[in-house]
Structures are given as C-alpha cells and as structure tokens.
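What follows is a set of notes on a single structure, which appears directly below.
The values are calculated or read from the model by the stated rules, or taken from the named source; none is laboratory data. In this text the structure is predicted, and so the values were computed from the model without any measurement. Glycine gets a Cβ as well: all are built from the backbone with ideal geometry, and neighbour counts include every protein chain shown.
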Amino acid sequence: LGYPASNVEFKKGLADAMPVAENTVDLIISNCVINLAPNKRKVFREMFRVAKPGGRFTVSDIVADQPVPQYLIHDAKKWGDCLSGALTLTDYMAGMTDAGFVGIHLITSSPWQRIDGIHFFSVTLTGYKLPTQLPTAAPRYATLRGPFSRVVDERGTAYLRGIPQPLTQDLALLLSQPPFDSLFIFSPNPRWLDRADPRWASVLPSQDPCLWTGDFALLAGPFLEVCDDDHHLFRRGEPAEICSKTRRVLETNGYSSHFAILNRAGEPAGGEAVSCAPTGGCC
C-alpha cells in the first residue's frame, strides 16, 4: 500500500472463533456475512470479546420483518442468497445487546426482497463496547431532547423529554457514547428544558385525514422503546402499523434516522380516510 512497513495482517479463522486476542480491535466490519453463520449469537459474543473497550462495530446484513419459517431455513439456495439465515431485526439487535454492545442503532436501510409475504431488507447497524472509565468531568444529570416525548434506554431506564435525570456511573458511561450523547443535554446540576426551547423539538401530526396504506415502522435503536407526541409507542425491531400522518411525522429529520419504514401491502392499498380528533390518537 505504499508504506515502508506492512500495516496489514491477514488471519484465517471463523467468525465465531476469531484468531484474535480479546480487547484488541478498534472497529469490526462485516458485509452480509453474519447472516450466513449458523450460530449468530456466538458470532456476536466473539465480536464483543475481541473489541476494545470504547471500540465499535459497523455491519451490513439482511434481516426479515418476521421469523423465517423452516421450509425456507432448509432451502440451501436461499440460504446462500442471504435470505434463509436472516434474523428479525428484533432478534439481531437483541443478540448484539445480550453480547454486551450498547448504543446499537440503524445507519441505513433499504428493501431487499419479498418471499411468501416475508419482507427482507438490508440494514447497516453500528454499536459500541463501553469504555472502562468515565471522562474526568462526567455529567451528573441528563435531560432528554426532542422529538421523542419518552424513551427507555438499553439499561431499562425511562426518560421524559425536558426533565433532568440523575445519572449513576453506569448510565453516565452509557449516555456519554454515540449516538446517545447527541440526544441528551448533560449538566452538573438539574436542567429543565422549556417547551419554547428549539431542543424540545415537538413534531405533531397534521390535521389531514389518516390513510392506511400498509406501512409499518420499525424502531431501529438506540432506545428499546420510544413515544411520539401522538401517543404512539414503538419498541425496537417490532413492526408497528402506521397511518399516512404518522409516516409523515416519522420521516421528519428528528425521527427518520431512528426508523425503517416498510410496506406490507400485497398491492397498492388506499383505504377510506379516517378523521382524527384534534389531539390525534386515532391510530
């Protein structure tokens, strides 16, 4: 590569048994490989073992919107096509979480194929292995910014928008990592957020009628669950049917990076318009 000494080393091994020492890798990358592994959770654990504290992974893979049935799992050709071995997004992210990674979230997503009503789509995910030490000036309080009105982090801690939350050392470590660090306001003392503050970032649906067209939203991290301002609850990796108004909300800047949108309608769909109450809540 033009360097006076080689800075590249190739090692032959298996994804679930890497010939690499633990806590030595800054960045783990993979492109549609984990999908082919028979024991993906073992691969996730091995990734966590070799990653340095403060290291991260970025992987692209194929996932499904529902569990793949046995007749497809045992189809060798579709396995080779990265279809039969696909996990649901929920199981994929849960496997990474159980291995020890945090801050797991979506970077990109796009439709791939649809077979027998199962939607397969390509995702790129990233996540982190927590560092072992806090920064010297660790924050004592975190205040959730908008647009979400409520979130639950990967430790099961709930936060309400605009209300300061005291931090334990573990939570301070977690929230100091990307992408959490951009979603909170950190301070040494309690700091409330006023509704007039642009960081409140409320996004309300329009007052147009709702249309149901077969759209589903998948929360793709980094939180386990979130609520919007129209009282919808989304859980990570679980498809939730949404109307046209909610889709427009989720496509705004504050929301769009956290969701993958898929359409499950077998053909173009457009049901009758549904009138909503002024405060929302029709869907």
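Of a type in the set (A, V, I, L, M, F, W, C), surrounded by 14 or more Cβ atoms within 10 Å (Cβ to Cβ) and free of Cβ contacts under 8 Å to residues at least 24 places away in the same chain: does that describe L160? Before you say what the answer is, go through the steps one by one.
Numbers: of a type in the set (A, V, I, L, M, F, W, C): yes; surrounded by 14 or more Cβ atoms within 10 Å (Cβ to Cβ): yes; free of Cβ contacts under 8 Å to residues at least 24 places away in the same chain: yes.
The answer is yes for L160.
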> Across segment 206-225, what is the number of residues that are in contact with a helix residue (DSSP H, G or I) (Cβ under 7 Å, 6 or more places away or on another chain) and either part of a loop (DSSP other than H, G, I, E, B) or of a type in the set (K, R) (or both)?
Replying inline: 7
> If we keep just the residues of segment 233-256 that are part of a loop (DSSP other than H, G, I, E, B) and buried (at least 19 other Cβ atoms within 10 Å of the Cβ), which is nearest to the chain's Cα centre (by Cα)?
Replying inline: G237
>> Testing R199 on (1) part of a loop (DSSP other than H, G, I, E, B); (2) out of contact with any strand residue (DSSP E or B) (no Cβ under 6 Å at 6 or more places or on another chain); (3) modelled with pLDDT of 90 or more, one condition comes back false. Which one is that?
In response: (1)
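Take the residues in segment 83-103 that are in a loop (DSSP other than H, G, I, E, B) and under 12 Å from V123 (Cβ atoms), then tell me which one is nearest to the chain's Cα centre (by Cα). So that I can check it myself, show each step before the final result.
Within segment 83-103, the first condition is being in a loop (DSSP other than H, G, I, E, B), and the residues that meet it are 83-87, 100-101.
Of the ones still in play, those that are also under 12 Å from V123 (Cβ atoms) are 86-87.
On the way: A86: 17, L87: 14 Å.
Step by step, filter segment 83-103, then rank; the result is L87.
Quick one: which strands (runs of 3 or more DSSP E) sit completely within segment 118-169 and have at least 1 residues that are under 23 Å from the mean Cα position of the chain (by Cα) and more than 24 Å from A217 (Cβ to Cβ)? Before the answer, list the steps.
Details: elements: 118-128, 141-144, 150-152, 158-160, 164-166.
In segment 118-169, the matching strands (runs of 3 or more DSSP E) lie at 118-128, 141-144, 164-166.
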> Restricting the search to segment 1-32, which residues are touching a strand residue (DSSP E or B) at 6+ places or on another chain (Cβ under 9 Å), in a loop (DSSP other than H, G, I, E, B) and farther than 13 Å from V50 by Cα?
Replying inline: C32
> Which residues, counting only those in segment 40-95, are crowded, with 17+ Cβ neighbours inside 10 Å, of a type in the set (F, W, Y) and within 23 Å of I115 (Cβ to Cβ)?
Replying inline: W79, Y92
